[in-house]
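Please read the structure below before turning to the comments.
The values are calculated or read from the model by the stated rules, or taken from the named source; none is laboratory data. If you're wondering where the values come from, they're calculated on a predicted model, not measured in any experiment. Note that each Cβ is placed from the backbone with ideal geometry, even for glycine, and that neighbours are counted across all protein chains shown.
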There are 2 protein chains.
Amino acid sequence: MGHRLADVSTPARLAAPEEGIGRDELALATRNHGLPLEALRHDITPPGLHYVLTHYDIPYVPDDTPWPLTLTGRVRRPLHLDLADLRTFPQVTTRVTLECAGNGRALLTPRPVSQPWLVEAVGTADWTGVPLRLLLTEAGVAPGAVDVVFTGADHGIERGVEQDYRRALPIEVALGDDPEVLVAYAMNGAPLPPQHGRPLRLIVPGWYGMAQVKWLREITVADEPFTGFQQAVAYRLRRQPEDVGEPVTRIAPRALLIPPGFPDFMSRARVIRPGPLTLEGRAWSGRAPVTRVEISTDAGQTWQDAEPAPDDGRRWAWHGWRHTWTATPGVHVLCARATDAGGDTQPLEQPWNRGGFANNVIQRVPVLCLEEDVTQAGRPGR
Amino acid sequence: MGHRLADVSTPARLAAPEEGIGRDELALATRNHGLPLEALRHDITPPGLHYVLTHYDIPYVPDDTPWPLTLTGRVRRPLHLDLADLRTFPQVTTRVTLECAGNGRALLTPRPVSQPWLVEAVGTADWTGVPLRLLLTEAGVAPGAVDVVFTGADHGIERGVEQDYRRALPIEVALGDDPEVLVAYAMNGAPLPPQHGRPLRLIVPGWYGMAQVKWLREITVADEPFTGFQQAVAYRLRRQPEDVGEPVTRIAPRALLIPPGFPDFMSRARVIRPGPLTLEGRAWSGRAPVTRVEISTDAGQTWQDAEPAPDDGRRWAWHGWRHTWTATPGVHVLCARATDAGGDTQPLEQPWNRGGFANNVIQRVPVLCLEEDVTQAGRPGR
């Protein structure tokens with residue numbers, strides 16, 4: 001560790017061929033966490049199983065800490081609201097599937113060095129709060145507004161830039177009702193857990209996690225496009241470092257299998273026994289409703305339609321699907337593929353970019369189906 | 001992935017020199033998670049921030065799932081209890097700090113290949129349940145009892161052995177009241193979260209995590225020492241593969257600092273500014289009460305006593321401490337060291353064994369103290 005800021009906060013880089021996960025990536029992986037895939041069984045992800053990514057420290061906010069929220073900038077009546085004020089506005093609860101923009105990054109070749117997700121950076125919760133458009137209407141957006149900037153209380157350094165976490169939404173998204181953006185104060189009917197933004201956060205249904213500003217303390221209406229670090233430097237789709245790149249916005253379609261059978265502790269390989277097996281999982285897209293889920297049991301060579309769960313009308317949450325398969329001894333690679341109403345589908349080959357964002361290559365789940373008579377010492381066969 | 005069980009479930013091994021964290025270790029790190037160290041500020045760890053390690057899948061146990069618990073073996077009256085039966089026994093709540101036996105493993109050289117913890121596999125909760133000794137008394141332990149074996153519903157394969165997770169305690173520990181072992185059904189006043197053993201788990205205050213059997217469904221009193229995988233193969237302190245090894249039991253003393261200042265996203269380096277700073281943290285030992293915490297701000301060359309928080313009488317939970325330090329520009333390596341009433345203390349050099357267990361080498365927290373006048377574009381200095 002050198003003596004200057006530049007020594008501890010270095011430029012983005014790609015891992016070298018065959019370079020294992022480093023100490024820095026591991027430090028992120030041990031503190032952030034994904035959804036253990038078997039928890040896809042739950043319609044609503046229980047607390048502690050929903051994915052979490054925090055750029056800096058989780059702010060320490062004991063109960064009853066005053067939490068003034070300001071709404072200022074290009075508005076007629078700046079607002080200064082506390083939590084009690086917010087509860088006087090109409091309250092909305094929306095079930096939302098959130099996914100980290102970097103989900104799948106650690107599967108990429110070459111691997112962008114950052115939070116090393118495999119495929120598990122996802123979760124679904126019921127979020128309750130005030131529609132942002134009502135707060136903006138109360139404040140009165142002045143002509144010329146372009147972006148709405150959201151500032152969190154989380155503070156740190158990234159690529160040499162000291163900052164509070166800050167992101168913006170275009171004014172038309174902030175004022176829209178499809179999706180309806182929330183300033184949320186409850187998750188699954190309880191106050192927000194510390195790691196999910198206690199006491200206040202933004203929820204932007206259908207958008208990747210970087211838009212869901214946690215520990216929200218300032219909302220600023222701006223008459224110029226926001227060019228802060230998390231908007232103009234991070235979270236852009238670039239092939240080369242010098243590209244301006246496209247911004248990361250809505251969640252690309254994805255289906256995930258609940259891995260069948262049981263795992264080996266260390267290899268995480270899945271083991272099953274021969275016979276009929278119901279494959280189940282979830283699928284979602286932030287761009288348009290999922291219209292089709294297909295399953296492959298031969299590593300993507302052939303595909304069959306899965307049976308979707310009845311539509312529950314929850315546009316912004318994942319939906320279940322199932323498919324019956326008869327397993328035979330040997331190794332099988334299971335895959336699932338989601339397609340949405342906009343025609344977006346999941347690729348078989350990685351969609352690579354330098355940040356490792358919005359990578360929705362199909363999941364591959366190798367399973368070993370044992371011979372019928374293979375039992376283990378100390379227990380009867382199953 | 002080969003076609004035989006032995007191909008997916010291989011022997012334990014050590015990482016080669018310079019070998020980065022592998023895909024298998026990463027798959028464990030993304031699903032299990034540690035305590036983000038800033039969460040040491042909370043006396044009781046909020047749900048989702050407490051460390052979690054599960055060997056296999058987290059069992060799916062929807063509300064109202066019948067959960068019969070059996071207590072059989074060398075007893076006069078075998079018990080078959082449901083959750084309502086358990087609640088008719090006297091209820092005890094104990095605040096307990098749990099730590100994974102593998103905490104610190106990824107810092108070891110050579111590194112045992114397994115769940116790659118740095119130092120964060122810890123958490124503190126209030127656990128509520130029935131004292132195990134009351135259940136054993138109700139059943140009537142027969143003469144000749146040696147071990148009490150606990151079986152969880154979690155099922156998988158480890159080093160080629162298919163198994164339900166199973167561990168034993170010596171009969172005198174199971175019947176003892178110091179620590180008082182609990183069959184717990186609540187964590188922090190709420191039903192157990194799925195990842196912490198819903199609906200029932202064992203809590204053995206002062207012991208490492210491997211003893212705290214989750215998803216508990218069978219208790220068996222045995223008249224022979226238990227030789228199951230998690231007792232006789234895993235969780236032993238060995239220098240060589242062929243050693244019988246000592247069993248891993250109680251938690252060695254450890255102190256952890258709440259990292260001061262703020263982090264760089266990628267390097268996780270800590271950055272502070274010059275001036276007085278209160279260093280704070282927690283310390284615990286499962287062997288004997290912590291009697292001393294020392295702080296070093298020069299990488300362990302010199303030490304000063306930290307000020308302990310007033311004793312709250314909670315023997316099995318971590319305790320706070322603090323120390324005021326005046327930071328000057330440059331790089332400093334902060335360390336904390338706990339010593340317990342038994343004279344056990346934390347080593348400056350790693351206590352190595354092949355499993356990477358019970359490693360309580362002192363934590364090292366490098367911090368970069370900036371010059372007074374270093375401010376960042378876009379924000380005032382702090």
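Test B:PRO274 against the criterion of being within 14 Å of chain A (Cβ to nearest Cβ), buried (at least 23 other Cβ atoms within 10 Å of the Cβ), more than 26 Å from B:THR93 (Cβ to Cβ) and not basic (Lys, Arg), and give yes or no. It is false that B:PRO274 is within 14 Å of chain A (Cβ to nearest Cβ), buried (at least 23 other Cβ atoms within 10 Å of the Cβ), more than 26 Å from B:THR93 (Cβ to Cβ) and not basic (Lys, Arg). Considering the range B:320-349, and only residues there that are more than 13 Å from B:PRO260 (Cα to Cα) and surrounded by fewer than 15 Cβ atoms within 10 Å (Cβ to Cβ), the residue that is nearest to the chain's Cα centre (by Cα) turns out to be B:PRO347.
Of the candidates B:LEU216, B:LEU256, the single residue that is within 14 Å of chain A (Cβ to nearest Cβ), surrounded by 18 or more Cβ atoms within 10 Å (Cβ to Cβ) and under 22 Å from the mean Cα position of the chain (by Cα) is B:LEU256. All of (1) facing chain B (nearest Cβ under 8 Å); (2) out of contact with any Pro (no Cβ under 8 Å at 6 or more places or on another chain) hold for A:PRO66 with one exception: (1). Scanning the range B:1-36 for residues that are crowded, with 22+ Cβ neighbours inside 10 Å, outside any helix (DSSP H, G or I) and hydroxyl-bearing (Ser, Thr, Tyr) yields one hit, B:SER9.
Residues that are touching a Phe, Trp or Tyr at 6+ places or on another chain (Cβ under 6 Å): list the strands (runs of 3 or more DSSP E) wholly contained in the range A:240-337 that include at least 3 such residues. Walk me through how you get there before you give the answer.
Numbers: elements: A:254-257, A:270-272, A:275-284, A:290-296, A:319-327.
Hits in the range A:240-337: A:275-284, A:290-296.
Does A:GLY152 meet the test of being at positive phi and modelled with pLDDT of 95 or more? No: the conditions fail for A:GLY152.
Of all the listed residues (A:VAL75, A:VAL61), the sole one being crowded, with 19+ Cβ neighbours inside 10 Å, more than 7 Å from chain B (Cβ to nearest Cβ) and over 18 Å from the mean Cα position of the chain (by Cα) is A:VAL75. Taken over the range B:175-201, the residue count meeting the criterion of being assigned to a loop (DSSP other than H, G, I, E, B), touching a strand residue (DSSP E or B) at 6+ places or on another chain (Cβ under 6 Å) and either farther than 20 Å from B:ASP82 by Cβ or not assigned by TED's automatic domain parsing to the domain that holds B:VAL61 (or both) is 1.
Of all residues in the range B:77-92, one or more are within 27 Å of B:ALA288 (Cβ to Cβ), out of contact with any Cys (no Cβ under 6 Å at 6 or more places or on another chain) and touching a residue at least 40 places away in the same chain (Cβ under 8 Å). Of the residues A:GLY356, A:GLY281, the single one that is within 14 Å of chain B (Cβ to nearest Cβ) and more than 30 Å from B:GLY160 (Cα to Cα) is A:GLY356. Within the option set B:GLY152, B:GLY144, B:GLY189, being away from every other protein chain (no Cβ under 12 Å) and surrounded by 21 or more Cβ atoms within 10 Å (Cβ to Cβ) holds for one residue only, B:GLY152. All conditions but one from (1) out of contact with any Gly (no Cβ under 9 Å at 6 or more places or on another chain); (2) surrounded by fewer than 24 Cβ atoms within 10 Å (Cβ to Cβ) apply to A:ARG111; the one that does not is (1). Of the residues making up the range A:219-239, those that are surrounded by 18 or more Cβ atoms within 10 Å (Cβ to Cβ) and in a loop (DSSP other than H, G, I, E, B) number 4. Residues in the range A:37-46 that are at the interface with chain B (Cβ under 9 Å from one of its Cβ atoms) and crowded, with 22+ Cβ neighbours inside 10 Å were compared, and the one that is farthest from A:CYS100 (Cα to Cα) is A:ALA39.
When you look at B:GLY197, is it more than 11 Å from every other protein chain (Cβ to nearest Cβ) and among the small types (Gly, Ala, Ser), yes or no? It is true that B:GLY197 is more than 11 Å from every other protein chain (Cβ to nearest Cβ) and among the small types (Gly, Ala, Ser). From the list A:ALA139, A:ALA186, A:ALA232, A:ALA190, the one residue that fits, being within 30 Å of A:GLY2 (Cβ to Cβ) and modelled with pLDDT of 95 or more, is A:ALA232.
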